[in-house]
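A short write-up of the structure that comes next.
The values are calculated or read from the model by the stated rules, or taken from the named source; none is laboratory data. For clarity, every value in this text was computed on a predicted model and none was experimentally measured. Cβ placement follows ideal geometry from the backbone for every residue including glycine, while neighbour counts extend to all protein chains displayed.
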């Protein structure tokens, strides 16, 4: 309509049919608002979807951060618990070593005291036995000394071998000297 309008000389303006222009504007008013409303509706729907997506993304990110913090905390707790358990075990082993050492020292002391007591008791027993043997010897009848045979002095002087095999009470002349002696 504007392109077909009559140009005004020496200007860039054109003459258009007023009625026709107003009708066209009315038609545009009726047509454009519906499309504008649809565009606005589409735009707002897009914005709502974007907002919802952003909320969902924020919720997912927050949940992921919470889960990561939980896992980090859980791992930290696990590491702390493991560290604490290692410390407790080391303390218990140290305490156990101290208790064992104390028990060993106590046992060594008790055994040394027992050894000293047993030694004293053994010494007393040996003294008692010796004393009893002395008493028994004092009360026991003394054996009479065996008399030497009468010929014992002759033995040494006659030179005969009284210990020779087959020797007895019969006279033997070992050296062939004619001296007979009794065995």
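General observations
- Residue in the range 74-92 that is more than 58 Å from the chain's Cα centre (by Cα) and surrounded by 10 or more Cβ atoms within 10 Å (Cβ to Cβ) present: no
- Considering the range 1-40, and only residues there that are surrounded by 11 or more Cβ atoms within 10 Å (Cβ to Cβ) and part of a loop (DSSP other than H, G, I, E, B), the residue that is nearest to the chain's Cα centre (by Cα) turns out to be 1.
- Per the listing 151, 139, the residue uniquely exposed (fewer than 10 other Cβ atoms within 10 Å of the Cβ) and either in contact with a strand residue (DSSP E or B) (Cβ under 9 Å, 6 or more places away or on another chain) or modelled with pLDDT under 90 (or both) is 139.
- Only one of the numbered conditions (1) at pLDDT below 90; (2) surrounded by 10 or more Cβ atoms within 10 Å (Cβ to Cβ) is not met by residue 118, and that is (1).
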